[in-house]
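Below you'll find the structure, written out as C-alpha cells, and then a few comments.
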Amino acid sequence: METIQVVGILIAIVCIIYGAMRGISILVLAPACSIIVIVTNQMSFFESLLAGESYMTGLAGFIINFFAVFALGAILAKYIEASGAAQTIANRILKITGTEKPYPVLVGLFVITALLTYGGISLFVAIFVLIPLARPLFKQLDLAWNLVPIPITLGFGTFTMTMLPGSPSIQNVVPTAYLGTSLTAAALLGLVGSLIALVFSLWFIRYTLKKSLAKGTTYSDFEESEPSKKLKEDIPTLGAAVLPLVLLILIILVGSYFMVPQIILIGLTAAIVVSALVFHKYISGHIAVLNQGANGSVMPILLTSSSVAFGVVITLAPGFEFISDFILGIPGDPLISLSIASTVFGGITGSSSGALGIVLQAFGENYLAMGIHPDVIHRVSAIASSVLTVMPHSGVILTMFSLTGLNHKNAFMKQFLGMTLANFLALIVVLLVATLVY
C-alpha cells in the first residue's frame, strides 16, 4: 500500500508537469492531479479536496494572504503602463545603452529587478512593474520577446531571493521563524553564493542573447502575444515616471527597518495614490485604469494559488512521509540531505517558500540535533529551495506567462536552465565553503 501511495504522488507530479508543458491550464491540472494523490493515498475524497485541510483551503489560503498584493501590484503596474511612465524609463535606458547594444539593456532589466526585490518588493510585484517597462524596449530593439523572462527571473530568483544577507524576501524570512536566526545569517556563505550567481547570470544573459540573434528571432515573431500598440507622444518626465517606484522602495526599506507590519501593502497603496496624482493628465480615466489593473490580477493569482493548493494536497498525503524519511536517510554530510530535501520539495510544490516551510517545520529540529549551526541550515536550505522552484507548474512561471503572453513551449526552458543552474552552482560552492568555515 505504501508503494502505491508514493507512486501515486509521483504520477501526479509527472502529470501536472507534462500537462503544463502541453498547455493545459493549471486550473484544470491542479485539482485533477490532486485527485490522483487523494485516490492513490486512500485519503478522504471530499475532505481532502474541499474541506478541512484540503486543496480548496490551500487555494483559498493563498488568495487570502496575497490577493491584496496581486491586486495593488497590478493596479500600480497599469498606471505605469497606461501613463507612459514605463515608456519614459525605457527611453532613458535606451539613451544610456544605445539601440544597437541589446546586452546592456537586458543587464539593465536584470539590475533593476535585483534592486527592486532586494528593496523588499515582492517578486510578483516586480513582474507586474517590469513587463510593461520591458515591452517598449524590446519593440524598439526588435529583440525576441521570449528573452524577457531571463533577466527578470535571474534578477528576482537568485541572489536577492535567498543569498544576500539582509534580504527581506519571504525565502529569507521563513527560516528565522523555525531556527531563531536573523536575516543576515551565514553572511559569508550568502555573499559567496551571491557572487557565483551574479557572474553566472551575466554570462547566461549574454549566451541566450547571442543564440537568439544568431537564429534571427525578432520581436515580430511574438507579436501575437500582445496587440500592437502605438507609443504615446505625451509622456511623463523621468522624475515623475520613477517617483511612485522610488516612493515604494523607500517606504518598504524604512518600514522594514522599523518592522512595520504589512509594509508592502502600505507602500503599494501610497505608490498608487501618487501615481493617480502625478499621472492624472497622462491617462484617459482613472476608473478604466483601476478596473483593468484589478481585472488583470485575477487570473495570475488563481493560477498561482492552484499550484500551491496542489502542493498542500501532496504534503497531506500518507505517501509524503515515506518520501520525507527516504531523503532524511541519505548517507553522508547532513548538509547534503538538507539540500536534497529543500530542492526536491521546492520542485514538488513549485514554491521555494513553501518548500522551506515544509522542510524546516518537519526536519529543522533533526538537523539542529545533528550539530549543524542554525545559520548554516538557514542559508543552505534557502538557497537549495530555489534550485528547482522554476517548474512548469510554479506560480511565478504561470504569472510570468499570463502577463507576457508567452508559454512553456517558447520560453520555459531558458528560464528553467538560467535560474536552476545559477542557484545550483551557488549551492555547490556554498556547501564547500560551509564545510571549511563552520
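All of the numbers you see were taken from the coordinates with simple rules; none came from a lab. No experiment lies behind these values; they were computed from the predicted model shown. Heads up, the Cβs are rebuilt from the backbone with ideal geometry, glycines too, and the neighbour counts pull from every protein chain shown.
Numbers for the structure displayed
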{"quantity": "Residues Ile75, Ile327, Ile264 arranged by fewest to most Cβ contacts within 10 Å", "calculated": "Ile327, Ile264, Ile75"}
{"quantity": "Most fluctuating residue given options Ser284, Ser402, Ser386, as computed from a GNM of the chain linking Cα atoms under 10 Å", "calculated": "Ser284"}
{"quantity": "Crossing angle, helix 123-141 versus the chain [Cα axis fit, 0-90 degrees, rounded to tens]", "calculated": "40"}
{"quantity": "Cβ crowding within 10 Å averaged over residues, with 388-396, 245-253 ranked highest first", "calculated": "388-396, 245-253"}
{"quantity": "For segment 114-165 and segment 285-325, distance of Cα centres in Å", "calculated": "20"}
{"quantity": "10 Å Cβ shell holding at most 14 others, DSSP loop, GluC sites (Glu not before Pro): longest site-free stretch of the chain", "calculated": "234-438"}
{"quantity": "Calculated [θ] (222 nm, deg cm²/dmol) that DSSP helices of n ≥ 4 give over the chain, each run adding -39,500 (n - 2.57)", "calculated": "-25000 deg cm²/dmol"}
{"quantity": "Packing-based exposure ordering (other Cβ within 10 Å, fewest first) of Asp375, Asp325", "calculated": "Asp325, Asp375"}
{"quantity": "Segment 4-37-segment 355-402 distance, computed between alpha-carbon centres (Å)", "calculated": "22"}
{"quantity": "Lysines with Cα under 18 Å of Lys78, excluding same-chain neighbours fewer than 8 positions away", "calculated": "Lys229, Lys230, Lys232, Lys281"}
{"quantity": "Hits among aspartates and glutamates - C-alpha to C-alpha of Lys210 under 18 Å, sequence gap 8 or more where chains match", "calculated": "Glu100, Asp142, Asp221"}
{"quantity": "Segment 3-437: translational diffusion in µm²/s, Stokes-Einstein, Kirkwood Rh over Cα pairs, 37 °C, 0.692 mPa s", "calculated": "148"}
{"quantity": "Positive minus negative residues near Val433 (Lys, Arg vs Asp, Glu; Cβ under 14 Å)", "calculated": "-1"}
{"quantity": "Long-range HN-HN contacts of Leu143 with modeled amide H, under 5 Å", "calculated": "Tyr219"}
{"quantity": "Ranking of Trp203, Trp145 by count of other Cβ atoms within 10 Å, fewest first", "calculated": "Trp203, Trp145"}
